[in-house]
Amino acid sequence: MKIYDIGSLVGNIADSQYKNSLHILIVGKSGAIGSPFKGFPEQPINENSNNVKVLKPIFSAVEGNQWFCVDMQPLRNALENKEIIVIDVTLSRIINGFDFVVVIPKVTAAKFPKTE
């Protein structure tokens with residue numbers, strides 16, 4: 001699937017025990033993202049970056065400052081029944097790989113704790 005996160009591990013463990021798992025993608029539409037390294041500055045979310053641009057069809061449903069949760073099952077069914085066509089491979093993988101997408105309109109970057 002080329003989506004590497006803990007969700008794949010959880011899904012594999014659940015499958016091995018004949019159980020189901022729930023996969024949720026939480027994404028910020030705008031705001032700032034933190035750095036994985038201490039001392040590096042936070043960066044604004046670039047709406048034209050490949051990681052964000054692929055989600056524009058989902059972002060278009062979000063208005064205002066309220067969080068928005070998209071149930072991917074109806075989209076997955078429409079995709080399987082050829083009722084919609086998704087050209088972008090990454091978006092298709094998101095639709096098929098996640099049960100819900102939670103969109104946060106404006107996020108703030110996490111900070112490293114101050115140590116003194």
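Just a few scattered comments:
- Close Cβ contacts (under 7 Å, 6 or more residues apart or on different chains) running from residues in segment 97-115 that are modelled with pLDDT under 90 to residues that are among the hydrophobic types (A, V, I, L, M, F, W, C) and part of a strand (DSSP E or B) comprise Ala109/Ala32; Ala109/Ile33.
- The residues of segment 22-41 that are modelled with pLDDT of 90 or more and either of a type outside the set (A, V, I, L, M, F, W, C) or surrounded by 15 or more Cβ atoms within 10 Å (Cβ to Cβ) (or both), listed by number, are Leu25, Val27, Gly28, Lys29, Ser30, Gly31, Ala32.
- Where Leu75 falls short, out of the listed (1) more than 16 Å from Phe98 (Cβ to Cβ); (2) surrounded by 13 or more Cβ atoms within 10 Å (Cβ to Cβ): (1)
- Single residue of segment 9-26 satisfying the filter (touching a helix residue (DSSP H, G or I) at 6+ places or on another chain (Cβ under 7 Å) and in a loop (DSSP other than H, G, I, E, B)) that is farthest from Lys106 (Cα to Cα): Asn20
One line per residue, one yes/no per condition, for (1) in a loop (DSSP other than H, G, I, E, B); (2) touching a strand residue (DSSP E or B) at 6+ places or on another chain (Cβ under 8 Å):
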{"site": "Gly28", "(1), (2)": "no, yes"}
{"site": "Phe37", "(1), (2)": "yes, no"}
{"site": "Phe40", "(1), (2)": "yes, no"}
{"site": "Pro57", "(1), (2)": "no, no"}
{"site": "Asn65", "(1), (2)": "yes, yes"}
{"site": "Asn77", "(1), (2)": "no, no"}
{"site": "Leu91", "(1), (2)": "no, no"}
{"site": "Ile95", "(1), (2)": "no, no"}
{"site": "Lys106", "(1), (2)": "no, yes"}
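The values are calculated or read from the model by the stated rules, or taken from the named source; none is laboratory data. None of these values were measured; they are calculated from a predicted model. FYI the Cβ positions are ideal-geometry reconstructions off the backbone, even for glycines, and counts take in every protein chain you see.
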